[in-house]
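Contents: one structure, followed by commentary.
The values are calculated or read from the model by the stated rules, or taken from the named source; none is laboratory data. Treat the numbers as computed from the prediction; the structure is a model and nothing was measured. Note that we place each Cβ from the backbone using ideal geometry, even for glycine, and neighbour counts take in every protein chain shown. Accessible surface areas use protein heavy atoms only, side chains included; no ligands, DNA or RNA. Shrake-Rupley method; radii C 1.70, N 1.55, O 1.52, S 1.80 Å.
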Amino acid sequence: MKTETFDAVVVGSGAGGAPVAYVLAASGARVLVLEKGPRYGPHDFVRDEIVTCRRDFWVPYPEDDPHVVVEGPGAKPSVTHRGWISQCVGGGTVHMSGFFFRYHPIDFELRSRAPDLTGTTLIDWPFGYAELAPYYDRVEKELGVSGDLSQNPFDPRGGDPFPYPPVPTHPISQWIDAKGRARGFHPFHVPRAIITTPEEALGRGACEFHQLCGSYGCENAAKSSTLATYIPRAEATGRCTVRERCMVERIDMRKDGRARGVLYVDASGDRRRVEADVVIVACGAIESARLLLMSRTASFRDGLGNSAGLVGKNLCLSSLGHLAGVMHYEDFAEPERKLLQNPAPFVGRAVQDLYELDPPAQGLPKAGTFHFLWAHENPIHRTERLLDGRDGGLVYGGALMERLRERFNASRTLEVESFSEWLPTDGCFVELDEQVSDRWGLPAAKIHIAQHPASIAATTRMVDASETLLRDLGCRTVERIDVGGVTWVLQSGTCRMGADPSTSVTTPQGNLHEIQNLYVTDGGALPTSGGVPNTMTILANALRVAEGIVARERA
Amino acid sequence: MTTRRTFLIVGGGVAVAGSAGYLWYQRELESLDPALDPHIADRRPPAQPLDFPPFDEVAERVLTQMYDDLIPGDAELPSASEAQVMVYVTSMARAPGFIEVRNRLVKLSRWLDLESRRRFQTRYTDLPPEGRRQVLDAATVAESGRSFDPSAALRLALQAGLEGYLGHPKHRNAEPFTVWNELGVRMPRDPKMEHSHS
């Protein structure tokens with residue numbers, strides 16, 4: 001079997017892997033990035049809902065690469081596509097909507113701030129917001145984040161201008177501002193990982209305001225994916241090799257307890273071995289835990305870094321609140337009616353007045369962020385929401401045609417999506433399935449899901465507030481689609497950082513407590529889910545860990 | 001008494017032997033920690049398309065009628081037949097990763113015929129519209145505890161049909177954009193073209 005040698009091997013090329021590859025390559029290291037999925041180019045991105053959103057463009061078919069999900073104790077396991085983020089070079093950053101918020105200081109010290117909270121395995125981060133702040137700044141500059149937070153008194157960022165001007169918003173944002181302030185809230189402009197002015201030297205165009213942004217790739221690289229940013233920059237150093245369609249089967253270990261490299265199956269189906277001084281795992285919280293658990297050796301019989309039994313445990317997702325408010329055109333006079341029909345895609349308003357809760361929700365002193373957006377334009381997705389009758393039955397026939405007319409021709413749907421803290425618990429974890437395998441013959445990840453009631457209570461507070469605002473805005477009906485649902489793509493916790501090996505898997509520097517040169521830099525390293533999408537925090541932490549590796553190697 | 005030369009020879013020998021011993025030990029530490037094989041099954045090829053027609057004549061007949069009942073259209077919107085929905089569902093049922101959808105649609109077609117015969121002693125496609133509506137209403141009632149739940153299958157069937165009805169018409173060799181134009185769908189007609197707002 002062919003064996004190659006690099007200074008570092010990075011498994012995964014998304015938010016957790018690409019920044020590390022770039023920092024290490026820029027410092028002079030020879031880096032190999034192994035990505036399971038394909039490398040898409042601008043010509044691959046098509047705005048076809050079936051091709052892009054309803055097939056295996058981003059996530060695999062369950063027949064090929066399943067996850068197994070158990071929703072609650074005693075529930076029947078189901079083989080599913082849920083739990084995948086994205087399999088392609090750039091990972092989930094290629095199709096994300098790019099809502100880029102920072103964690104707040106409370107996210108780093110939630111355990112300390114919630115002494116009355118029980119039934120959770122929550123820990124504090126081993127450092128605070130101040131340590132990550134300069135890396136958030138770097139992400140904004142290097143990736144490209146546009147925004148204006150001058151109206152948000154709760155954001156820790158402060159008032160410095162963003163590197164790019166804010167994305168223009170739909171005129172309804174002014175209604176949201178007025179109605180929100182009337183209720184005592186502080187609506188603000190949502191920061192986006194989208195560049196609003198071109199960067200021709202980097203081969204990136206400015207945003208062209210397509211109707212279809214989230215769930216689709218961006219053919220002019222205005223969306224700040226790692227595919228458009230850190231990956232080409234890493235390759236431009238001449239020291240970074242990115243290989244697509246490579247499935248890493250295991251991490252090899254030395255008898256002295258250091259990681260030796262990885263064994264993988266390449267795009268041709270051949271097994272290959274890579275040896276490296278540093279191994280970075282960044283496959284997403286669920287898949288990184290799976291890789292560590294699969295990489296059992298004579299010395300690590302329960303999986304790498306798993307002597308305390310914590311690899312895969314403390315899985316956090318994001319507690320989802322989701323509402324749809326239907327604004328019927330006939331309820332509005334001109335010119336408001338014409339305003340509603342304006343096709344500008346981005347509403348761009350969020351509220352963080354409920355980021356911290358007083359009084360707490362069942363002991364949890366925080367909820368998170370809710371934001372407004374137009375219902376996604378994908379017509380099949382929009383129609384699937386119309387199939388439930390008021391009595392729980394299926395809507396079809398003439399009744400379905402009427403609903404189609406009402407939703408598509410006679411109204412516009414304004415949605416609210418909220419991100420709330422998902423507390424870690426004993427019942428929410430990842431293990432290896434003993435029966436279900438992927439097409440490489442490897443055990444699938446078995447994901448046990450359980451949500452703490454305080455998380456649901458906090459989400460409910462945001463849903464209640466959002467519903468009030470939707471009605472204030474003139475929505476005739478407001479449907480609660482999810483209260484305490486699951487945002488699967490926002491994953492954290494399975495290899496969480498901490499100073500204490502009895503409650504954490506990785507050190508504050510990012511390496512496994514038990515294995516000095518093996519690092520986890522994706523969401524699995526984050527001890528909390530936060531009250532925002534965690535993508536920006538994953539990127540910032542990955543930069544921090546990478547700089548630490550460089551500093552220690554130089555020393 | 002040890003002379004200097006003896007010392008150098010003996011000391012050097014021990015030093016060499018010592019280094020050799022250390023190097024052996026170092027190589028041992030760097031060697032591979034025996035891996036415990038993670039595989040629980042053999043490798044298998046990626047999911048393949050179905051290599052035979054997904055529906056027989058009976059299933060095709062029943063499903064075509066069912067889709068016209070589920071998606072009848074209106075004065076301006078085409079029915080499922082007019083929109084070539086069954087063309088789409090047939091191609092979807094052959095696609096890699098959709099074998100389970102195909103199986104459920106086949107079972108649903110059988111269930112509809114059996115229920116129709118049970119209620120009205122005639123097959124589903126020979127019923128008048130009201131009879132077919134009663135059979136479909138019966139299919140919407142969940143049957144838990146049984147191996148086949150018609151309500152789940154009917155919902156799946158409707159979702160598959162809507163995928164065809166509301167997806168890009170190129171997927172079903174249909175008339176260009178009648179449904180999209182009538183509903184004001186803001187999807188790009190050419191999926192590769194830019195679609196900016198003014």
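Here is how the numbers come out for the structure above:
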| read-out | value |
| --- | --- |
| Chain A - charge dipole about Cα centre, Lys and Arg +1 at Cβ, Asp and Glu -1, debye rounded to 20 | 620 |
| Inter-chain Cβ neighbour average for residues B:41-53, partner chain, 10 Å | 4 |
| Table column - 3J(HN,Hα) (Hz), the range A:229-239, Karplus curve with 6.51, -1.76, 1.60, x for Gly and Pro | 10, 5, 5, x, 5, 5, 5, 5, 5, x, 10 |
| Rounded to 5, the percent of DSSP beta bridges in the protein assembly as shown classed as antiparallel | 70 |
| Of B:G161, A:V326, A:A15, farthest towards positive along the dipole that unit charges on Lys, Arg, Asp, Glu beta carbons give the protein assembly as shown | A:A15 |
| For q = 0.11, 0.12 Å⁻¹, Debye-computed log10 I/I(0) when each Cα of chain B counts as one equal scatterer | -0.67, -0.75 |
| Inter-part distance where the range A:333-380 and the range A:122-171 are each reduced to a Cα centre, Å | 19 |
| Listed residue pairs exceeding 26 Å between alpha carbons, taken from A:K2/A:K223; A:K141/A:K338; A:K179/A:K366; A:K36/A:K255; A:K223/A:K338; A:K223/B:K192 | A:K2/A:K223; A:K141/A:K338; A:K36/A:K255; A:K223/A:K338 |
| Averaged over B:25-37, number of beta-carbon atoms from partner chains that fall within 10 Å | 6 |
| Net charge, A:E384 excluded, C-beta distance under 15 Å - Lys, Arg +1, Asp, Glu -1 | -1 |
| Relative contact order of chain A, defined on C-alpha pairs under 8 angstrom at six or more residues apart (%) | 23 |
| Cβ-based charge dipole, chain B, positive-most Cα from B:F98, B:Q26, B:V87 | B:Q26 |
| In sequence order, calculated HN-Hα J values of the range A:298-313 (Karplus, 6.51, -1.76, 1.60; Hz; x Gly/Pro) | 4, 8, 10, 5, 9, x, 6, x, 10, 4, 8, x, 9, 5, x, 7 |
| Accessible area expressed per residue, the protein assembly as shown, with surrounding protein chains retained (probe 1.4 Å, Å²) | 39 |
| Net length gained if the chain between A:S215 and A:E199 were fully extended (0.36 nm per residue, minus Cα distance) | 3.4 nm |
| Degrees separating the helix B:129-139 axis from the principal Cα axis of chain B, which is the longest one | 30 |
| Accessible surface of the range A:278-373 [probe 1.4 Å, protein heavy atoms]: carbon and sulfur percent | 48 |
| Cβ crowding within 10 Å averaged over residues, with A:14-26, A:500-512 ranked highest first | A:14-26, A:500-512 |
| Peptide-level mean, for A:245-256, of C-beta atoms on other protein chains within 10 Å | 3 |
| Cα-Cα separations in the protein assembly as shown greater than 50 Å, expressed as whole percent | 18 |
| Sequence-separation-based contact order of the range A:150-285, relative, with Cα cut under 8 Å and 6+ spacing, percent | 12 |
| Förster radius 56 Å - calculated FRET efficiency between B:H39 and B:D190 (Cβ-Cβ, nearest 0.05) | 0.80 |
| Total formal charge among the other residues, if their Cβ is under 13 angstrom from that of A:E199, Lys/Arg +1 and Asp/Glu -1 | +2 |
| Unit charges at the beta carbon, dipole of the range A:145-203: most positive-side option, A:A178, A:L149, A:F188 | A:A178 |
| Point-charge dipole on Cβ atoms (K/R +1, D/E -1) for the range A:359-480, about Cα centre, debye to 20 | 500 |
| Proximal aspartates and glutamates relative to A:K446, as straight alpha-carbon distance under 13 Å, when same-chain residues fewer than 8 apart are discounted | A:D65, A:E71, A:E287, A:E431, A:D433, A:E434, A:D438 |
| Positive minus negative residues near A:L473 (Lys, Arg vs Asp, Glu; Cβ under 15 Å) | +1 |
| Mean Cβ neighbour count within 10 Å, used as a protection proxy, ranking A:73-84, B:97-108 highest first | B:97-108, A:73-84 |
| Under the Karplus curve 6.51 cos²θ - 1.76 cosθ + 1.60, θ = phi - 60°, whole-Hz ³J(HN,Hα) for the range A:269-282, x wherever Gly or Pro sits | x, 8, 7, 9, 10, 10, 10, 8, 6, 10, 10, 10, 10, 8 |
| Listed peptides A:36-46, A:87-97 by packing density, highest first (mean Cβ within 10 Å) | A:87-97, A:36-46 |
| Cα-based equivalent ellipsoid of the range B:39-119: semi-axis lengths in Å, sorted from largest, via gyration tensor | 29, 17, 10 |
| Placed amide H near B:L50: partners under 5 Å, 5+ positions off or other chain | B:A95 |
| Between B and A, accessible area buried - total, square angstrom, nearest 100, 1.4 angstrom probe | 5900 |
| Chain B: most fluctuating residue of B:G184, B:G167, B:G73 per GNM, C-alpha cutoff 10 Å | B:G184 |
| Placed amide H near A:W374: partners under 5 Å, 5+ positions off or other chain | A:V347, A:E415 |
